[in-house]
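Some notes on the structure that comes next.
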Amino acid sequence: MYRSLTWAFPWLACCFAAAFAACDSGDRAAESVVRYDSAGLEIIESRRPAWSAEEAWVVEEEPSLEIGTQDGAPEYIFFRVAGALRLDDGRIVIADGFSNQVRFYSEAGEFLKAVGREGQGPGEYEYIRSLGRCAGDSLVAFDLHWQAKVYTADGELVREMPLHDPNSYQGLGPYNLTCSRTGYFLITGWGEQSFQPVIGFYQATAPVSLLDRDGNLVLDLGEHLASERVGRETGSRPHPFGRSTELALADDRIFVGSAGQLEVQAYSIAGAPTAILRGPALDLAIRGEDIDRYREERLAQVDAQDRAAAERRLREMPMPEQFPAYTDLRVDPEGNLWVRRFLRPGDGRDLWTVFAADGAMLGDVEILTDLEITEIGADYLLGVATDEMEVERVRLHRLLKPAGLHRPR
């Protein structure tokens, strides 16, 4: 009997539709995240991505720069690249593990110089393991036991210093480490349980510590999970499906997460807990088909004569209750936190979830190319690609950000 006003007056339908579309566009970000206080700690709970499909960031598949070759001059041949970064003037710096050199290249990828070599003397490396910018424009390369070698942006060695876990009773180096351009190091230790004769699946815990540029303890963030491990009579190692505490350090914030879910704890640089960044709940259950795929992948890499022993070890390996939610944390120059999602066996997607500087989840960035990321810039990703011949190349890919929810700091 009663008909809608929009049927009687079609122009009203257009008005309502336009109004609702405007509200949907304007309120998308607000509706996607809930913020509330819990005992003075801000909980930032994202129910879904703030990005629309049109606003999502995209990594170009084709690199804009590639350095590395299978055959040719030795300065362009890499093996076990331990780190790569891009300086403010566009130069690329690469730490090559085979030669134990830190190599400098022009913005166009032309070799400029190399510093370092194998050895145990000043400026020499037993096993170069990482490269970072840990104080302004200074470069820091880390040796086997996290000894830090500090260089100027032009490759001049300034100083060397050991980095120790101040909470370790054995004076060991860190288990995990990250640094900031403001000169701080954020570390977690191994945990005493890592060196005890524990058989089976277990957790090692250790404090997370902030160190100054000289390696001195600034603050202790308390005990956290160091790693989930599997132990045998001969020792222990991280479980392939085990969680570990992941670290990220911005100029004014500290991020610590144990990967139980898509959740990260934020602290001020003074050590005060400030917020919990939380994404949607993930299905992390380990199922029989996941274990089967993992075993198939591992056995495919084993020689025929070792297959029986490998099958037995895989069959006897204890399993945790769930997968980790993520395996890495990074902060980009705009203050966004990038969270690398755990890759299930058989899943070829490399997915990073991005949280804005205000804590809201923006969305996911999928890396569509074989790229192990070493640095995330404001408009690029730098990393290492390894082909089927095990040839390593350092590649720079453009990061495209359509107009929308960038939320720079």
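Miscellaneous remarks
- Phi to ³J(HN,Hα) by Karplus 6.51 cos²θ - 1.76 cosθ + 1.60 over segment 43-57, Hz, x for Gly, Pro: 9, 10, 10, 8, 7, 7, x, 6, 5, 8, 4, 6, 8, 5, 6
- Simple spin-label estimate for Arg293 and Asp89 in nanometres, 7 Å along Cα-Cβ: 4.7 nm
- Neighbourhood charge, 10 Å Cβ-Cβ cut-off, centred on Cys179 and excluding it, Lys, Arg +1 and Asp, Glu -1: +3
- For Glu296, net neighbour charge (Lys/Arg +1, Asp/Glu -1) across residues whose Cβ lies under 15 Å away: +2
- Packing, taken as the mean count of other beta carbons within 10 Å per residue, orders the peptides 297-303, 396-402, 336-342, 114-120 from highest to lowest as 336-342, 396-402, 114-120, 297-303.
- Relative contact order (%) - the chain, alpha-carbon pairs under 8 angstrom, separation at least six: 16 percent
- Overall Cα dimensions of the chain, principal axis frame, Å, largest first: 90, 51, 49
- For the peptides 44-51, 315-322, the ranking by mean Cβ contacts within 10 Å, running from highest to lowest, is 44-51, 315-322.
- Counting charges near Leu112 (Lys, Arg +1; Asp, Glu -1) among other residues having Cβ under 13 Å from its Cβ returns a value of -2.
- Calculated FRET efficiency for the pair Leu351/Glu233, C-beta based, R₀ 25 Å, to 0.05: 0.10
- Take the Cβ atoms of Leu343 and Leu314, set R0 to 22 Å, and the FRET efficiency comes out at 0.75.
- Length released on extending from Glu372 to Val34, taking residue separation times 0.36 nm less the Cα-Cα span: 118.4 nm
- Chymotrypsin sites (Phe, Trp or Tyr not before Pro) within segment 104-193: DSSP coil, no more than 10 neighbouring Cβ in 10 Å: Tyr169
- Measuring how big segment 67-185 is from its alpha-carbon positions, Rg and Dmax come out at 14.3, 48 Å.
- Helices meeting the span-like rule in the chain (full DSSP H runs, Cα extent of at least 20 Å along the helix axis, mean Kyte-Doolittle score of -0.5 or higher): 10-32.
- Ala300-Ile77 FRET efficiency (beta carbon distance; Förster radius 41 Å; 0.05 resolution): 0.90
- Taking the centroid of alpha carbons for each part, segment 40-115 and segment 337-379 are 14 Å apart.
- In order along segment 138-146, phi translates into HN-Hα couplings of 5, 9, 10, 10, 10, 8, 3, 9, 6 Hz, rounded to whole numbers, per the Karplus curve 6.51 cos²θ - 1.76 cosθ + 1.60 with θ = phi - 60° and x for Gly and Pro.
- GluC sites (Glu not before Pro) within segment 178-285: DSSP coil, no more than 14 neighbouring Cβ in 10 Å: Glu233
- Estimated translational diffusion coefficient (Stokes-Einstein, Kirkwood radius over Cα pairs, 4 °C, 1.567 mPa s) of segment 153-290: 79 µm² per second.
- Label sites at Glu62 and Asp387, each approximated as a point 7 angstrom past Cα along Cα to Cβ, lie 1.7 nm apart.
- When only alpha carbons are used to place a centre, segment 281-321 and segment 140-161 end up 39 Å from one another.
- In this structure the amide hydrogen of Gly377, modeled in the peptide plane, comes within under 5 Å of the amide hydrogens of Leu382, none closer than 5 places in sequence on its chain.
Taken together, the values in this text are just the output of simple stated rules run on the coordinates, not laboratory data. The structure displayed is predicted, hence computed values, not measured ones. Note that we place each Cβ from the backbone using ideal geometry, even for glycine, and neighbour counts take in every protein chain shown.
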